[in-house]
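Here's the structure, in structure tokens; my notes come after.
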Amino acid sequence: MRWFSEQRARWAVVLCSLVILLLLLSSCATVPSSRKYVGPVLDSKGPIEESFPSLWEKRTVYLGTGVGGRSPLRFINPRAMTGGPGGGISEFPLRIAATLMDSFLIEAGLEHYADLVEMTPEEWAEFRRAYFQRYDVENHLLIWCELQTSWTELYLDLDRWIIFIEDDAVNQYEPVQILEEPQPIRQTVMDRLPEFQPQQRGPRWEVHRKTLMLCFPKRDFYENPILSEKVRFLKLVFQQSDDEKTRAEGTWVFKK
């Protein structure tokens, strides 16, 4: 029994380490885009020929980016949030990196991390089993999300948001489970807002973060797969629960 407890603790650490790796990848994206073109069929079989970071970037979209997805979200003057000079709130309060975790990407990530820590075949098998059990990969369509805001931390409260996916036939699905992942290092990141250009010292604003795994059903009410060759695109939507106009979208387009 003691050996079993030690094994569980060890794999908990390993899974946490994988979370850290995913967080590092999500912070290294170079070309923000709210639309990504992916392969003709997700969950394709065959050898993994691309690197895990390359596959990760191809499946990551960014919600809340600037016009045309060319630059990160520029937050407005904080005085506008309290009704002071500078106008009202006119921009989306979150910046979100969302990665569509199809089985091809999951297998590539598990193999990549197993190589990094030099797992034995037995350790690799147990690691893969623990991952599939935690996220119920067989029954869930997974989307990894990192949320950031330099507004009040209350904007990270999931009760403020309606989250769903939508396909080209306007079928919508809400997550059946949302798992909040631990941040590897609790660190306060201070970003100087572009509206303030003081000559000497000026205010700095805290950036709040939250990392989630969104678990959507893999099949609809009639047991049909939500993702199939007939689906042309899948859209992820974050919509403020008390204001339907405050929303952001990211889309994966499936090339035929």
Check your understanding: Amide H of PHE233: which non-local residues (sequence gap of 5 or more, or other chain) have their own amide H closer than 5 Å, using H built in the peptide plane?
Key -> ASP168, PHE254
Point to revise | Extension reserve of the GLU166-GLU123 stretch, reckoned as 0.36 nm per residue once the Cα distance is removed | key: 11.7 nm
Check your understanding: Which of the lysines could be linked to LYS58 by a straight reach, that is with a Cα gap under 26 Å, when you skip same-chain ones fewer than 8 residues away?
Key -> LYS36, LYS45, LYS210, LYS218, LYS230, LYS235, LYS255, LYS256
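Values in this text are rule-based calculations from the coordinates and carry no lab data. These figures come from a predicted structure and were not determined experimentally.
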